[in-house]
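Enquirer: Structure below; questions to follow.
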Amino acid sequence: MRKHLLACAVIGPIFVSAAAHGQSAGPVQPAARPAKTLTQRIGHTDPTRYRRSEGVHAGAGSMEFAPIFGTDALSTNLIFVHRGVIAPRSGIGEHFHNNCEEMFVILDGEAQFTINGHTSLIKGPAAVPDRMGHAHGIYNPTDKPVQWVNINVGLTKTYDAFNLDDPRTDVALDPIPQFISARFDPAQLRPVAGMDGGDGTVQYRRAFEPSVFSTPWSYVDHLRIPPGASVGTRTMAEMSEVYLVISGDGEVAIGSETAPIHIGDVVPVDLGQSRSIRSTGATPLDMMVIGVAKDLASKASYMAAQAARPRAAR
């Protein structure tokens, strides 16, 4: 506010001076908003901000959720990150996205995921991506609420949806999912020493490769950093990232700024920004990482570079 008042004080005399000499000063441009600090850019899970919604996409029951990030979080085509709770015997009805795609994540419990009319029960923590132009939904058949996250990425920053008016309750279940899914199971992680020049050995896995997605969405990773270990500094000119803290405590550095991070926090790293991460708690810092490329050409270049690397280094 002080900067805004100062700007008005400076612009005012210039405008009056020009008018006094019979000159046209032209429109007065509003003062630019000050850039957000890293602490302000980090999103937080806050159940007090959740809002109750009934029949989401014609689904059963109700859920409570709130946005953590919107379209302004990154310069790339991340549309939103939502966080909330799916109530018992409630869910999100089956629906399409034709210009964007999203991924439902459950952090605990279990839920019935549907892709293109096929439904399977999957235990959390787990994620199921829905590619652009395919139908998806989710239902919590249990007596306990399920912690839920939704990430959406598009060809542009415009969201679209087409409902099928199908809550997907009391449907036949496939014992083996007939769609892409992944569980965030620590047993599937592999050790990586000195990741990006960091300290110690971290645990890492690429859960979803670039080919899983049709938009500039490029990958989903699972990263676990033991206490005292770190991931070193890395900068990617044509890839942005979102780090969602599943559990633990740590510290993230973006450029010259450093901020603490805790369970439920979500960290945006935009194109060309350097990042490093350190685990500072008594337990591992467990994170899900979302990569979104600048555009489809940048994603193709990234895929080609990854394919050229030795398999052991991927």
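Enquirer: Considering only the stretch 215-234, how many residues are part of a strand (DSSP E or B) and either surrounded by fewer than 17 Cβ atoms within 10 Å (Cβ to Cβ) or at pLDDT below 95 (or both)? Can you show your working first?
Expert: As a first pass, look at the stretch 215-234 and keep what is part of a strand (DSSP E or B): 217-225, 230-234.
Within this subset, residues satisfying the condition of being either surrounded by fewer than 17 Cβ atoms within 10 Å (Cβ to Cβ) or at pLDDT below 95 (or both) are 221, 232-233.
Matching residues across the stretch 215-234 total 3.
Enquirer: Also, quick follow-up: Taking the stretch 75-106 as the search range and keeping residues that are open to solvent by 20 Å² or more (accessible area, probe 1.4 Å) and either acidic (Asp, Glu) or over 14 Å from the mean Cα position of the chain (by Cα) (or both), which one is farthest from Asn140 (Cα to Cα)?
Expert: Within the stretch 75-106, the first condition is being open to solvent by 20 Å² or more (accessible area, probe 1.4 Å), and the residues that meet it are 75, 77, 80, 82-83, 85, 87-89, 96, 98-99.
Keeping just the survivors that are either acidic (Asp, Glu) or over 14 Å from the mean Cα position of the chain (by Cα) (or both) gives 85, 87-89, 96, 98-99.
Working: Val85: 10, Ala87: 7, Pro88: 6, Arg89: 5, Phe96: 20, Asn98: 25, Asn99: 27 Å.
Top of the filtered list is Asn99.
Enquirer: Could you list, in sequence order, all residues of the stretch 167-186 that are open to solvent by 70 Å² or more (accessible area, probe 1.4 Å) and either touching a residue at least 40 places away in the same chain (Cβ under 8 Å) or of a type in the set (Gly, Ala, Ser) (or both)? Steps first, answer last, please.
Expert: Here is the first cut: in the stretch 167-186, the ones open to solvent by 70 Å² or more (accessible area, probe 1.4 Å) are 170, 172-173, 175-176, 178, 180, 183.
Result: Ala172, Leu173, Pro175, Ile176, Gln178, Ile180, Arg183.
Enquirer: Here's something else I'd like to know. Give, as residue ranges, the strands (runs of 3 or more DSSP E) completely inside the stretch 121-214 that count at least 2 residues that are of a type in the set (Asp, Glu).
Expert: Working: elements: 126-130, 135-140, 146-154, 162-166, 190-193, 201-208.
Of the strands (runs of 3 or more DSSP E) lying wholly inside the stretch 121-214, those with at least 2 residues that are of a type in the set (Asp, Glu) span 162-166.
Enquirer: Take the stretch 273-283 and flag every residue that is of a type in the set (D, E, K, R) and open to solvent by 60 Å² or more (accessible area, probe 1.4 Å).
Expert: Answer for the stretch 273-283, where residues must be of a type in the set (D, E, K, R) and open to solvent by 60 Å² or more (accessible area, probe 1.4 Å): just Arg278.
Enquirer: All but one of (1) without any contact (Cβ under 8 Å) to a residue 60 or more places away in the chain; (2) assigned to a helix (DSSP H, G or I); (3) charged (D, E, K, R) hold for Lys299; which doesn't?
Expert: Only one criterion is unmet by Lys299, namely (1).
Enquirer: Answer yes if at least one residue in the stretch 298-312 is within 19 Å of Gln188 (Cα to Cα) and modelled with pLDDT under 95, and no otherwise.
Expert: First pass over the stretch 298-312, keeping only residues within 19 Å of Gln188 (Cα to Cα): 311-312.
Now narrow it down to the ones that are modelled with pLDDT under 95: 311-312.
Yes, the stretch 298-312 has at least one match.
Enquirer: Can I ask one more? If I go through the stretch 258-272 residue by residue, how many of them are assigned to a strand (DSSP E or B) and either touching a residue at least 40 places away in the same chain (Cβ under 8 Å) or surrounded by 20 or more Cβ atoms within 10 Å (Cβ to Cβ) (or both)? Walk me through how you get there before you give the answer.
Expert: So the first thing to find is which residues in the stretch 258-272 are assigned to a strand (DSSP E or B), and the list is 258-262, 266-269.
Applying the additional criterion that residues be either touching a residue at least 40 places away in the same chain (Cβ under 8 Å) or surrounded by 20 or more Cβ atoms within 10 Å (Cβ to Cβ) (or both) yields 258-259, 261, 266-269.
Residues in the stretch 258-272 being assigned to a strand (DSSP E or B) and either touching a residue at least 40 places away in the same chain (Cβ under 8 Å) or surrounded by 20 or more Cβ atoms within 10 Å (Cβ to Cβ) (or both): 7 in total.
Enquirer: Asp286 is checked against (1) of a type in the set (Asp, Glu); (2) open to solvent by less than 30 Å² (accessible area, probe 1.4 Å); (3) closer than 15 Å to Arg41 by Cβ; (4) touching a residue at least 60 places away in the same chain (Cβ under 8 Å) and fails just one. What number does that condition carry?
Expert: It is condition (3) that Asp286 fails.
Enquirer: Here is a follow-up. Restricting to the stretch 32-78, what's the tally of residues that are part of a strand (DSSP E or B) and more than 24 Å from Ser247 (Cα to Cα)?
Expert: Final tally of qualifying residues: 4.
Enquirer: Against the definition (open to solvent by 70 Å² or more (accessible area, probe 1.4 Å), farther than 17 Å from His82 by Cα and not basic (Lys, Arg)), how does Asn116 come out, yes or no? Steps first, please.
Expert: On the way: open to solvent by 70 Å² or more (accessible area, probe 1.4 Å): yes; farther than 17 Å from His82 by Cα: yes; not basic (Lys, Arg): yes.
So Asn116 passes the test.
The values are calculated or read from the model by the stated rules, or taken from the named source; none is laboratory data. This is a predicted model, so every value here is computed, not measured. Note that each Cβ is placed from the backbone with ideal geometry, even for glycine, and that neighbours are counted across all protein chains shown. These accessible areas exclude ligands, DNA and RNA; they are computed on the full protein's heavy atoms, side chains included. Shrake-Rupley method; radii C 1.70, N 1.55, O 1.52, S 1.80 Å.
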